[in-house]
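To start, the structure under review is shown below, and the notes come after it.
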Amino acid sequence: MKVHLAVDLGAGSGRVLAGKVREGKVELEELHRFENPGTSLPSGLHWNILGLYREILKGIATGVERYGKIESLGIDTWGVDYGLLDKDGRLLGLPQQYRDPRTQGFEARADELVGNDALYDATGIMPFFLNTSVQLLAEKELTPDALNVASQILLIPDLLAYWLTGELAVERTNASTTQLFSPITNDWAWEMIEGLSLPKNIFGRVVESGTLLGNLRPEVAEEVGATIPVIATATHDTAAAVAGIPGEECYAFLSSGTWTIIGCELMEPIITARSRELGFANELGVEKTVRFLKNISGLWLIQECKRSWASHGEDIDYAGLAELASVAEPFIAFVDPDAEEFASPGKMPEKIQAFCDRTGQKVPSTKGEILRVATESIALKHRLRFQQLRELTGKDLKRVHMGGGGIKNSLLTQAIADACGVPVYAGPVEATACGNLITQMVATGDLASIAEGRELIRNSLPLEVYEPKEAGKWDEVAKHFEAILVLVK
Ligand code: LRH
């Protein structure tokens, strides 16, 4: 039996998982789970990066204790966030999280400086408040001290891997989320970096996913009890999830977590006036693929409702929330899950109610109604993006392959099948960890390709099929939903 470790840091919690391959099947085992909340300080919303590093070491040590030999390990987390290092490799300040409000107004500032259209044409990435480009611009104009002396930018998994190995490199799938990397030249988008007046010297070596970075530093190896090769896996969690979704036929992938990300795997980017207008991004994937995709604010709305009620002493688990939503009346009102007011944390139930009120709709009053409005609206946003994806790629998409924690919400998964009018193949829940692991296994020679890895996943983990129902009804409500989107535009 061979064992690889996947470190997967999500919004809320992080895990170290063991992927054990035995007789043509992969089995996942959670070795260590820990909290990963955004930490609010006077200087803003930060990563507790050193705390996470220590938890990761604990998880690795548990893996070594249990299995002795570990073939390799790789780290993934969400894209765009970064740390800056000085010339001696010291971290300059605590990395900030993208929901920190400092970026407010800087998407517009980027537009002023280089033009959002030019940015899209050069990088294939649409303007978005969370892009690294926007974060760096805010940092440069508001708090420039660190940037002034920085000599290297690393995305969060690169930073953690640097601490583990001493090797500096930016992994490519994650570099592509910065809006400062070109999928055409396969290099940093120098003209845009210059146009935004960002320091060029901080953008260093970029490596392909599946690159062996090096072994654990001797001090780390001693602490965890073994020397382990560290691989720059698909370090962007969505790239990992897409790799780990075992799609078949002509499919759209859907990576469902805090964000849901809908898209297609392509061999070449699509950068046209229409793809720019619809805001589809060309992020990069494993094996030199392009992930042509769009973010939809997914479970975030539901997670935030849960958090808000819990802070008022009503801590209901997800199964309980799903039950409340499933018995509530359907289609009473719609929200745009991607409306600006929903992006920041806090007061989500009230924000949903206020949205319905200001758009002249019935205001949901019970928890079940609020959740039902959120769930149906999320599903309808998927329908719109699915149709746009068909148009932009010219592909006759026959099904959706959905992976990630969101598939545990069967009300939402069924609603997505209904709204899109195609079957949803749901699985695996652990798409990100699976993709992280198979990318490592290709790197260590334990698998020949990602296709072989997907076969391994298909053979090991169950897929559940949700057939679309009530097509006529969803066609009708989609019209109301789209009218609301036009109203709030
Ligand atoms: C999903 C994700 C997504 C990014 C966002 C920052 O976790 O990585 O792909 O756009 O977080």
Could you check, for the stretch 272-284, whether at least one of its residues is under 24 Å from the mean Cα position of the chain (by Cα), within 26 Å of ASP475 (Cβ to Cβ) and crowded, with 19+ Cβ neighbours inside 10 Å? yes
Kindly list the number of the only condition in (1) touching a residue at least 12 places away in the same chain (Cβ under 8 Å); (2) exposed (fewer than 13 other Cβ atoms within 10 Å of the Cβ); (3) not in a helix (DSSP H, G or I) that fails for PRO428. (2)
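Being among the charged types (D, E, K, R), under 28 Å from GLY427 (Cα atoms) and surrounded by 13 or more Cβ atoms within 10 Å (Cβ to Cβ) is the filter here; which residues of the stretch 474-489 pass it?
Those that are among the charged types (D, E, K, R), under 28 Å from GLY427 (Cα atoms) and surrounded by 13 or more Cβ atoms within 10 Å (Cβ to Cβ): none in the stretch 474-489.
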Those residues that are more than 22 Å from the chain's Cα centre (by Cα) and of a type in the set (A, V, I, L, M), I need them from the stretch 336-358; list them, please. ILE352, ALA354
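Tell me which residues, restricted to the stretch 168-188, are over 18 Å from the mean Cα position of the chain (by Cα) and among the hydrophobic types (A, V, I, L, M, F, W, C).
If the condition is that a residue be over 18 Å from the mean Cα position of the chain (by Cα) and among the hydrophobic types (A, V, I, L, M, F, W, C), then LEU168, ALA169, ILE184, TRP188 are the ones that fit.
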Of all the strands (runs of 3 or more DSSP E) wholly in the stretch 187-262, which have at least 2 residues that are buried (at least 16 other Cβ atoms within 10 Å of the Cβ) and within 16 Å of the ligand (Cβ to nearest atom)? 251-256
If I ask for residues that are polar (S, T, N, Q) and touching a residue at least 40 places away in the same chain (Cβ under 8 Å), which ones from the stretch 349-374 would you list? THR359, GLN361, THR366
When both residues are 6+ apart or on different chains and their Cβ atoms are under 9 Å apart, which pairs have a first residue that lies in the stretch 256-268 and is closer than 26 Å to ILE302 by Cα, and a second that is among the charged types (D, E, K, R) and within 6 Å of the ligand (Cβ to nearest atom)? GLY257/ASP237
Here is a list: GLY368, GLY313. Which entry is surrounded by fewer than 19 Cβ atoms within 10 Å (Cβ to Cβ) and either of a type in the set (Asp, Glu) or over 24 Å from ILE416 (Cα atoms) (or both)? GLY313
So the check is Cβ under 9 Å with 6+ separation or different chains; which pairs have a first residue in the stretch 1-26 that's of a type in the set (S, T, N, Q) and a second one that's within 16 Å of the ligand (Cβ to nearest atom)? SER13/ASN36; SER13/PRO37
What's the total number of residues in the stretch 375-389 that are touching a residue at least 60 places away in the same chain (Cβ under 8 Å) and either of a type outside the set (A, V, I, L, M, F, W, C) or farther than 17 Å from ASP338 by Cα (or both)? 9
When residues of the stretch 1-50 are filtered for being within 16 Å of the ligand (Cβ to nearest atom), loosely packed, with under 14 Cβ neighbours inside 10 Å and aliphatic (A, V, I, L, M), how many remain? 0
Residue match in the stretch 272-293 (condition: touching a strand residue (DSSP E or B) at 6+ places or on another chain (Cβ under 6 Å), at pLDDT below 95 and under 18 Å from GLY403 (Cα atoms)): no
Hits in the stretch 381-399 - residues which are in contact with a Pro (Cβ under 9 Å, 6 or more places away or on another chain) and either farther than 24 Å from GLU430 by Cα or surrounded by fewer than 24 Cβ atoms within 10 Å (Cβ to Cβ) (or both): LYS398, ARG399
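The values are calculated or read from the model by the stated rules, or taken from the named source; none is laboratory data. Bear in mind that the values here come from a model prediction, so they are computed numbers and not experimental data. Backbone-built Cβ (ideal geometry, glycine too); neighbour counts: all protein chains shown.
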